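Reading through the structure tokens given below for one structure.
The values are calculated or read from the model by the stated rules, or taken from the named source; none is laboratory data. All of these numbers come straight from a predicted model, not from anything done at the bench. Reconstructed Cβ throughout: ideal geometry from the backbone, glycine too, with neighbour counts over all protein chains shown. Note: accessible area is taken over every heavy atom of the protein model, side chains too, but ligands, DNA and RNA are not part of it. Shrake-Rupley method; radii C 1.70, N 1.55, O 1.52, S 1.80 Å.
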Amino acid sequence: NPVLLIGGTIHPVSSPMIPDGWIILRDGLIESVGSGTVPDLPEASTTIQLDGRHVYPGLVAADTQIGLVETGQVDVTHDHDEYGSWTPETRAFLALNPDSDLIPVTRAAGILTAVVNPDGGRLPGRSTVIRLDGWTHEDLAIDREAALVVEWPYGSSFSRRRVNGGSNRGEDPIRQIDEFFTNAENYYKASEHDPRMKPDIRYEAMRSAIQGDTPLLIRASTAGQIESAVTWASQRDLDVVILGGEEADRVTDLLVEHDVPVILRGVHRIPISRHLSPHSPHELPARLHEAGITFCIAPRDRPAHVRNLPHHAATAAAHGLPREAALRSITLDAAEIIGQGHRLGSIDPGKSGTLIVTTGDPLELMTNVEMAFIDGREIDLSSRHTQLRDKYREKYRQQGRLN
């Protein structure tokens, strides 16, 4: 049945704020948004009075390992790194743990969508985009194979030859990546001419990325890494997203020229170089914004602290990034970079009814998320944190130490 949220401030992100507005959710989608007169609805509709609260699109964490890592110090709860350096056939989707305690903790902070990335090796596997609610890993998955992850090396054989006086061409990690992609392309050509050819699951897993249907998510931090990765990808005409980008402000012209978006991993970190100002990581989003680079902010924290995502955006806003751009960096811009801008990231008719109801600006530390909807369905915001809170409040109440 339709759900009407009425009497609050609507923040579509893609358009100006709507004071005293309303939203109609139907069949999991946003049917309409407006202010003033509300369209007629069936008697079975549910009406939720917002009482002056605020409505925002669900926040998007563009780089996480939620569902792949549970407890940092317990190896048996880790499922993010497959054996071997070349495992593009690995799918994060299959390893998701829908019963992770970290999922409800994260969504209680207003984060309702996340990208889950494998790591380890040169080609660690394929990412998946998930909604943070579901009984099974199939329920969680929005896009099971959202990108192919590439771990970009720090140097090339050319720089080492200058230093060491020589290097084995076969040992150059960049050349190894290039040859692996060349072998995959040769495999596709050969398989077209010989249908009986034995399938290679590694090369088959790379097909959508090489053919441009899904992007390459290249982990690169330094200016040299980013420059060589973008140059290599442009020569192969590959769709690339840079993940990390700690020195992206040093290669802005290249990123703008090739229209390469950046998933900026974290604002709460130390500078990548001791020669930089302690505030440089906080100011980096503002510099990328001024340069005209498409970017979003992702949490750098371990999976248990993905919930801090809005505080990363708030820190960037406090250091020069316009507040509207800071909000977009964890909503609409993030959704567009991960290929979900058509259904997530803003409150627009036709998009998924994935949104949060808050007491104020989600970038403010004191703001609480009071309600959340994923695909038009209200979800439970209780978590291990709230369970422990209630448990010990009851303990102190019984002891007469709490009213």
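Could you tell me which numbered condition Asn308 fails, if it satisfies all but one of (1) over 18 Å from the mean Cα position of the chain (by Cα); (2) open to solvent by 30 Å² or more (accessible area, probe 1.4 Å); (3) not hydroxyl-bearing (Ser, Thr, Tyr)?
(1)
For the range 84-103, how many residues meet the condition of being open to solvent by less than 10 Å² (accessible area, probe 1.4 Å), of a type in the set (A, V, I, L, M, F, W, C) and in contact with a helix residue (DSSP H, G or I) (Cβ under 7 Å, 6 or more places away or on another chain)?
The total comes to 1.
What's the number of the condition Leu68 fails, among (1) at pLDDT below 95; (2) out of contact with any His (no Cβ under 6 Å at 6 or more places or on another chain); (3) open to solvent by less than 20 Å² (accessible area, probe 1.4 Å); (4) among the hydrophobic types (A, V, I, L, M, F, W, C)?
All conditions pass for Leu68, except number (2).
Looking at the range 42-58, is at least one residue small (Gly, Ala, Ser) and within 30 Å of Asp119 (Cβ to Cβ)?
yes
Would you pick out the residues in the range 109-141 that are at pLDDT 95 or above, among the basic types (Lys, Arg) and either open to solvent by less than 10 Å² (accessible area, probe 1.4 Å) or farther than 17 Å from Val60 by Cα (or both)?
Of everything in the range 109-141, just one residue is at pLDDT 95 or above, among the basic types (Lys, Arg) and either open to solvent by less than 10 Å² (accessible area, probe 1.4 Å) or farther than 17 Å from Val60 by Cα (or both), namely Arg126.
One line per residue, one yes/no per condition, for (1) open to solvent by 10 Å² or more (accessible area, probe 1.4 Å); (2) assigned to a helix (DSSP H, G or I); (3) acidic (Asp, Glu):
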{"position": "Ser208", "(1), (2), (3)": "yes, yes, no"}
{"position": "Thr214", "(1), (2), (3)": "yes, no, no"}
{"position": "Ile218", "(1), (2), (3)": "no, no, no"}
{"position": "Ile226", "(1), (2), (3)": "no, yes, no"}
{"position": "Ala229", "(1), (2), (3)": "no, yes, no"}
{"position": "Ala233", "(1), (2), (3)": "no, yes, no"}
{"position": "Leu238", "(1), (2), (3)": "yes, no, no"}
{"position": "Leu243", "(1), (2), (3)": "no, no, no"}
{"position": "Glu246", "(1), (2), (3)": "yes, no, yes"}
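Mind counting the residues in the range 358-384 that are over 21 Å from Ala313 (Cβ atoms) and open to solvent by 90 Å² or more (accessible area, probe 1.4 Å)?
Matching residues across the range 358-384 total 4.
Scan the range 380-402 residue by residue and report those that are basic (Lys, Arg) and touching a helix residue (DSSP H, G or I) at 6+ places or on another chain (Cβ under 8 Å).
Within the range 380-402, Arg384 is the sole residue that qualifies.
Given the residues Pro42, Pro124, which is the only one that is more than 23 Å from Arg265 (Cα to Cα), in contact (Cβ under 8 Å) with a residue 40 or more places away in the chain and not hydroxyl-bearing (Ser, Thr, Tyr)?
Just one listed residue meets the conditions, Pro42.
Can you pull out every residue in the range 174-206 that is within 20 Å of Gly121 (Cβ to Cβ), part of a helix (DSSP H, G or I) and open to solvent by less than 60 Å² (accessible area, probe 1.4 Å)?
Ile174, Arg175, Ile177, Asp178, Phe180, Phe181, Thr182, Ala184, Tyr187, Tyr203, Ala205, Met206
Would the range 266-288 turn up any residue that is within 27 Å of Gln211 (Cα to Cα) and either buried (at least 16 other Cβ atoms within 10 Å of the Cβ) or hydroxyl-bearing (Ser, Thr, Tyr) (or both)?
No, the conditions are met nowhere in the range 266-288.
Can you pull out every residue in the range 149-159 that is open to solvent by less than 30 Å² (accessible area, probe 1.4 Å) and either touching a Gly at 6+ places or on another chain (Cβ under 8 Å) or under 19 Å from Asp375 (Cα atoms) (or both)?
The answer is Val149, Gly155.
Tell me which of these Thr106 doesn't satisfy, since it passes every other one: (1) open to solvent by 10 Å² or more (accessible area, probe 1.4 Å); (2) under 25 Å from His311 (Cα atoms); (3) not in a strand (DSSP E or B).
The single condition Thr106 does not satisfy is (1).
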